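The values are calculated or read from the model by the stated rules, or taken from the named source; none is laboratory data. In this text, all values refer to a predicted model and were calculated from it rather than measured experimentally. Heads up, the Cβs are rebuilt from the backbone with ideal geometry, glycines too, and the neighbour counts pull from every protein chain shown. These accessible areas exclude ligands, DNA and RNA; they are computed on the full protein's heavy atoms, side chains included. Shrake-Rupley method; radii C 1.70, N 1.55, O 1.52, S 1.80 Å.
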Amino acid sequence: MAITGDDVSLDQIVPVSRDFSLEEVSPDGELYFLGSDVTVQLDTAELSLVFQLPFGSHTRMFLQEVARACPGFDSGTRDPEFHWLSRHRCPKPELDWPMPRGWNSAPGTSPERATIGGGGSNFDISRPDGKGLLVDQSSGGQSKAEHLFTRQNKSKSEITDMVRSSTVTVSDKAHILSMQKFGLRDTIVKSHLLQKEEDYTYIQNFRFFVGTYNVNGQSPKECLRPWLSHGIQAPDVYCVGFQELDLSKEAFFFHDTPKEEEWFKAVSESLHPDAKYAKVKLIRLVGIMLLLYVKQEHAAYISEVAAETVGTGIMGRMGNKGGVAIRFHLHNTSICVVNSHLAAHIEEYERRNQDYKDICSRMQFYQIDPSLPPLTISKHDVILWLGDLNYRIEELDVEKVKKLIEEKAYQTLYEYDQLKIQVAAKTVFEGFTEGELTFQPTYKYDTGSDDWDTSEKCRAPAWCDRVLWKGKNITQLSYQSHMALKTSDHKPVSSVFAIGVRVVNEELYRKTLEEIVHSLDKMENANIPSVSLSRREFCFQNVKYMQLQVESFTIHNGQVPCQFEFISKPDEDSYCKQWLNASPSKGFLLPDSDIEIELELFVNKTTATKLNSGEDKIEDILVLHLDRGKDYFLSVSGNYLPSCFGSPIHTLCYMRQPILDLPLERISELTLMPLQAEDDGSQLERPMEIPKELWMMVDYLYRNAIQQEDLFQQPGLRSEFEHIRDCLDTGMIDNLSASNHSVAEALLLFLESLPEPVICYSTYHNCLECSGNYTVSKQIISTLPTFHKNVFNYLMAFLQELLKNSAKNHLDENILASIFGSLLLRNPAGHQKLEMAEKRKAQEFIHQFLCNPL
């Protein structure tokens, strides 16, 4: 089908990362193409043939529940009969050959064409690889053979409405596209095609521009062409990243900013004038934004576009730090571009290392075929990583650093670069490459000048802004900073690469496919698959709150290709309990091949309370099912060490001893005690007014962190959280040795883990309604159960003490109200995320208690 620049944008061809309406993103409400007379040729018979072998995961799920596997196969689906390939047995197959991943026919060769607008016929919105527009879900009942080549005709106005009304995130869209699952034979074909990829592809170089710019919350004040287009050939692909797009509290807490559009427009106007470009994708997390553009003539060869974000700020969620990524296929090569902003301050290199690892483990792209596991960053042919990585120069004082810069002794200075040291120690960016640094450090300058920082802090210069890469057939052509731009206290950095991309030779591809199909014809469909398992019993001992444990085993396949999957037991919704995950949970095995399966056990706020009470135990049976084969049963057992995290407030008030010193029966009894029974006098021991664990953390912060800058805004270290948890659960508070930020984060995690929030669910809606009336708000607090009321007043008194030191810690009422509002006031419907209006009202409710006498 032909797509013209006056009709549709690439963001209508790939799912967007947020719900843009067309009017929001373009003045005329129609297009994202840059330049005029844009024409893109798409083949209507395209079929994606990505085959992703299942992979094990070493993800560290400190602040996020283990990612659940994709939905399982439909048990009502009949065994595959492999009809779809039967047509290839005829002497002269024509149109129905499966296409390789990311492949499109050359312009002008498509057997069917439809024009958008201009009085032409309706256009095909259902690209058969599922990578196109949102598809009419009513087509989900079609068979695979019918669906792959069915045209879904919709008018332009219908498509516009679909884009405007979409509220589905990128991660969810793959599941609603009406793509049928491949059968076993299809999977075998795909796997063999992937193995033989070199037989039908050749390498062609494409020029990539990769740029990063920390704009320090500023709006564009100067032309970006010195950075984006001066002195270079027109790139085939632009990957442009920003950090600190907006430093306002509104952007941080409510994720909305007008500066997204300002910088998008500034970039679009500064791309190379010798070419026309189409915007493929924009993704933003608070102030971290990534833009992807391609030359118009390459647009038809871009496929499988997806974007995701990972916040690594406080509690692993806030987006002031973290990463955004866009993945896509160019021809037959998979590419992932990551833009990250890691933790600040010279001494926080371990926190930066942790941020990097969190982004790598938590960034997951769900695939169109739901039977395949999510893709991680590492599962791509080419990885381009850019951003403000914030690694500094260590061991040298400011004047020594500046002297070496004046002498242009960059290699001497580079020996003290934290990123170089950490990469050499193999703690981060293992397998990545960075070009030689032949330019002076890009941070920190006085805004509007080329002068080093003259502020009171007088930051030492550092190469904060970097570009690294990983993959084959990559040549760096340039790596430089751009001193001409003076908007920010950083200088932008760019790198240009020649990247060898695999392009399909159609004739060789058809020949390879024919050979594979021929060989499959010899296979007996009646063969029953059989596997052997290296172990079937797994024991997880001394499981702790938010501390991942992993046990693994190997599946060895026999002589018949097989598809395996963990399936649910009768009357159960999932194949395993919430605290357990198998990675991968399904997959495909060629004859005589192996795969390692990891069983990941992770207890979080959702599952801890029932494990504390004894209502649940570390016990489960997993059923491993072979398609057309037998079932295998795996036994999981273990023990959980109870924790104050996940325990109710009134339960902890009755625990005068550390929780790990109490018998399990007593812990169970107190955890199951109804909230309304807390004051009935039936308990022998007199309860404490507030949980001792809460007092320990607040007291520590009061003594050590009352003037700590960025308190409750900067994350702590994972290892320190585990130490803090152990000290609280054993009562050994004298052994507590952790940073102020780690203790502050542990306090927030403690409040988040309470099964009944400090302000009880029953009063939630009343609190929102009276968020502007302090007198009524105090009355609501007075009705809370005694222990909850005590905790609320204690926390408010502590926060007011922090505000008395705001000149030092830089906290204000709005920051604290935003952070604690969503923890103390939680929607009883169990929504993970408050609606924006609710979030603001929750903030206003807490704000009253910070500004008025208690």
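Side notes on the structure shown:
Yes/no per residue for (1) assigned to a helix (DSSP H, G or I); (2) of a type outside the set (D, E, K, R):
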{"site": "LEU784", "(1), (2)": "no, yes"}
{"site": "PHE792", "(1), (2)": "yes, yes"}
{"site": "LEU799", "(1), (2)": "yes, yes"}
{"site": "LYS808", "(1), (2)": "yes, no"}
{"site": "LEU811", "(1), (2)": "no, yes"}
{"site": "ARG840", "(1), (2)": "yes, no"}
{"site": "ILE846", "(1), (2)": "yes, yes"}
{"site": "LEU854", "(1), (2)": "no, yes"}
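- When the range 614-628 is filtered for residues that are open to solvent by less than 30 Å² (accessible area, probe 1.4 Å) and either touching a Pro at 6+ places or on another chain (Cβ under 9 Å) or among the charged types (D, E, K, R) (or both), the ones remaining, listed by number, are ASP620, LEU626.
- Within the range 397-428, the residues that satisfy the criterion of being in a loop (DSSP other than H, G, I, E, B), open to solvent by 30 Å² or more (accessible area, probe 1.4 Å) and modelled with pLDDT of 95 or more are GLU407, LYS408, GLU415, TYR416, ALA425, LYS426, THR427.
- Here the strands (runs of 3 or more DSSP E) wholly within the range 532-647 that include at least 1 residues being farther than 24 Å from ASP186 by Cβ and in contact with a strand residue (DSSP E or B) (Cβ under 9 Å, 6 or more places away or on another chain) are 537-543, 549-557, 580-583, 594-601, 619-626, 631-640.
- Restricted to the range 365-396, and to residues there that are of a type in the set (Phe, Trp, Tyr) and out of contact with any helix residue (DSSP H, G or I) (no Cβ under 6 Å at 6 or more places or on another chain), the residue that is surrounded by the fewest Cβ atoms within 10 Å (Cβ to Cβ) is PHE365.
- Restricting attention to the range 202-223, the residues that are among the β-branched types (Val, Ile, Thr) and not in a strand (DSSP E or B) add up to 1.
- Of the helices (runs of 4 or more DSSP H) lying entirely inside the range 658-769, those carrying at least 2 residues that are of a type in the set (S, T, N, Q) and open to solvent by 30 Å² or more (accessible area, probe 1.4 Å) are 718-730.
- Residues in the range 692-718 that are basic (Lys, Arg) and within 25 Å of the chain's Cα centre (by Cα): ARG718 alone.
- Residue that is nearest to THR475 (Cα to Cα), among those in the range 415-454 that are without any contact (Cβ under 8 Å) to a residue 24 or more places away in the chain and over 29 Å from the mean Cα position of the chain (by Cα): GLU415
- Matching option when the condition is surrounded by fewer than 21 Cβ atoms within 10 Å (Cβ to Cβ), of a type in the set (Gly, Ala, Ser) and touching an Asp or Glu at 6+ places or on another chain (Cβ under 7 Å), among SER568, SER637, SER643: SER637
- Taking the criterion of being β-branched (Val, Ile, Thr) and open to solvent by 10 Å² or more (accessible area, probe 1.4 Å), the only residue of the range 235-269 that qualifies is THR257.
- Residue check, ARG459 open to solvent by less than 40 Å² (accessible area, probe 1.4 Å), of a type in the set (Lys, Arg) and not in a helix (DSSP H, G or I): no
- Residues of the range 506-518 that turn out to be of a type in the set (A, V, I, L, M), closer than 20 Å to TYR301 by Cβ and either touching a helix residue (DSSP H, G or I) at 6+ places or on another chain (Cβ under 6 Å) or surrounded by fewer than 19 Cβ atoms within 10 Å (Cβ to Cβ) (or both), as a count: 1
- Test: residue in the range 511-523 that is in a strand (DSSP E or B) and over 30 Å from LYS400 (Cα atoms): no
- Scan the range 770-809 for residues that are touching a helix residue (DSSP H, G or I) at 6+ places or on another chain (Cβ under 8 Å), small (Gly, Ala, Ser) and open to solvent by less than 50 Å² (accessible area, probe 1.4 Å) and the total you get is 2.
- Residue within the range 672-691 that is within 36 Å of the chain's Cα centre (by Cα) and β-branched (Val, Ile, Thr) present: no
To keep it simple, each residue is scored yes or no on (1) farther than 24 Å from GLY431 by Cβ; (2) among the aliphatic types (A, V, I, L, M); (3) at pLDDT below 95.
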position	(1), (2), (3)
CYS458	yes, no, yes
ASP465	no, no, no
LEU468	no, yes, no
ILE474	no, yes, no
LEU485	yes, yes, no
SER488	yes, no, no
LYS491	yes, no, no
ILE499	no, yes, no
ARG502	no, no, no
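- A count restricted to the range 463-505 and to residues that are part of a strand (DSSP E or B), aromatic (Phe, Trp, Tyr) and open to solvent by less than 10 Å² (accessible area, probe 1.4 Å) stands at 1.
- Filtering the range 374-389 for residues that are touching a Cys at 6+ places or on another chain (Cβ under 6 Å), modelled with pLDDT of 95 or more, part of a loop (DSSP other than H, G, I, E, B) and not aliphatic (A, V, I, L, M) leaves a non-empty set.
- Within the range 589-609, the set of residues being farther than 30 Å from PHE750 by Cα, in contact (Cβ under 8 Å) with a residue 60 or more places away in the chain and open to solvent by 10 Å² or more (accessible area, probe 1.4 Å) comprises LEU590, ILE595, GLU596.
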